Amino acid sequence: MRLTRRGILVLLGAAICFAFGEVAGYPLFRALAGVAVGAVVAAVATTFVQPKVEVVRSVTPDRVERGRPALASLVVRNGTARRHGGFAAADRVGTEANEVQVRPLAPGAEATYHYELLTTARGRLQVGPLVLSRFDPFGLAHGDRTAGGTAHLWAHPRRHQVRPARAGYPRHHHDGPITDPPLRGSADLRAVRPYVIGDEVRFLHWKATARTGQLMVREYADPAQLRFTAVLDTRTAAMSPAVFEEAVEVAASLLYASASAGQHCRLITSHGIDTPVGSGLRAARALLDELCLVGQDAADGPLVPAALAATRPGGILAVITGPDADVAAHRWRPDVVVRLGARQSSAGNGLIAASDAADAAAKWNALQAGPA
């Protein structure tokens, strides 16, 4: 509970009236001061008692593209044995608030309220808690109380229609150690290693288990599995914040298309983010969640941190950066370099210079539709 500006002015006026009445000997001013103080006390008492309600919140869907709305639902229930009057409430969504006017509820009754959540910015938005507000009739005091928990809305980067990576380097374990985590489920034996929780029992190697005294499993790899790796430049000097949002959209589009096509995808950033290799819609959602939180948080330095740049990832490697950034990455040889914010658009020889994400997507599709 707190006094409003009007309530503070009323208290100051009461003090002045009381002092003037005491000095000048006018009982009327002392009476006015008493009335003003009584009004403030009554306002405090009115706003001190807050409605006791139960709030259940849900957000549908919990993941949307930036710029698309989601629906928030609030179920407000009066769990007490007394009727409570209506009140104004504000449901926080990130830094903004949505006004909700809760109607009076009988004992045990509930009401459901819906409103749209607009996602103007990429990120993980917190929805809630519900702030219950109480004002007195004269606006002298204001009381707030939070109710209910919170939910989260993932505003993913916008995705553009792009083709998945057209080809990938074959991974032949006969030629030496492979660079990426092994794949399971194929018929190509790579090694025998100790059992870890999550391994399939059908891959147990009983002879190695008997010889070593611990559970051993066969580890398989698929030399023909297509892979796609996107390197996102998150250095602050590489591009402006507006161009960086376009770069995130390009990375989201390429990774989502390739993962949905069954390719094992990987995301690497200049800050050191290195997502695990995976494919399918579950991996695509995990990559979008990661891109939902990524920011320009890398200081000036190499495109890829030294801890990650020792070995080039297998498969297609695409680097997404600014118009003039240095893309030298040790011994890595990117198959495609996408430069956002370029003054002149062009595409060819593994280089895409585009003004924005939509332009880059169109040029990527043109390159992927070319001869193999």
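Give the Debye-formula value of log10 I(q)/I(0) at each listed q (0.12 Å⁻¹), with one equal scatterer per alpha carbon of region 12-133, two decimals each.
Relative scattering, expressed as log10 I(q)/I(0), comes to -0.63.
Measure nothing but the geometry: give the 0 to 90° angle between the long axis through the Cα atoms of 241-260 and the longest principal axis through the Cα atoms of the chain, rounded to 10°.
Approximately 60 degrees, to the nearest 10.
Please report the orientation-averaged projected area of region 192-297, defined via the convex hull of its C-alpha atoms, in nm². Don't skip to the end; give the middle numbers.
Working: hull surface 34.2 nm².
Computed as one quarter of the Cα hull surface, the answer is 8.5 nm².
Can you give the calculated 222 nm mean residue ellipticity of the chain, where each DSSP H run of n ≥ 4 adds -39,500 (n - 2.57) and the sum is split over every residue, rounded to the nearest 500 deg cm²/dmol?
Result for the chain, helices only: -8500 deg cm²/dmol.
Peptides 311-319, 250-258, 203-211, 92-100: what's the order by average Cβ count within 10 Å, highest mean first?
Ranked by mean Cβ neighbours within 10 Å, highest first: 250-258, 311-319, 92-100, 203-211.
Would you work out which of Ser260, Gly272, Ala309 lies farthest towards the positive end of the dipole of region 233-323, given +1 charges on the beta-carbon of Lys and Arg and -1 on that of Asp and Glu, about the Cα centre?
The one lying farthest along the dipole's positive direction is Ser260.
Treating only the Cβ atoms of Lys and Arg (+1) and Asp and Glu (-1) as charged, compute the dipole magnitude of the chain about its Cα centre; round to the nearest 20 debye.
Using only the charged Cβ atoms, the result is roughly 780 debye.
What is the chain by shape, rounded, prolate or oblate, if you read a ≥ b ≥ c off the alpha carbon gyration tensor as root eigenvalues and call it rounded for a/c under 1.5, prolate for a/b larger than b/c, and oblate otherwise?
Since a/c reaches 1.5 and a/b is larger than b/c, the shape of the chain is classed as prolate.
What percentage of the solvent-accessible surface of the chain, computed with a 1.4 Å probe over protein heavy atoms, is contributed by carbon and sulfur atoms? Intermediate results must be reported in sequence, preceding the final value.
Details: 11070 of 19480 Å².
Carbon plus sulfur share of accessible area: 57 percent.
Please work out the average accessible area per residue across the chain, using the 1.4 Å probe convention, and give it in Å².
Averaged over the residues of the chain, the accessible area is 52 Å².
Would you mind classifying region 269-353 by shape? Square roots of the alpha carbon gyration tensor eigenvalues, ordered a ≥ b ≥ c; an a/c under 1.5 is rounded, otherwise it is prolate if a/b is larger than b/c and oblate if not.
Cα axes put region 269-353 in the rounded bin.
The values are calculated or read from the model by the stated rules, or taken from the named source; none is laboratory data. Here the structure is a predicted model, which means the values were calculated and not measured. Backbone-built Cβ (ideal geometry, glycine too); neighbour counts: all protein chains shown. Please note that ligands, DNA and RNA were not included when accessible areas were found on the heavy atoms of the full protein model with its side chains. Shrake-Rupley method; radii C 1.70, N 1.55, O 1.52, S 1.80 Å.
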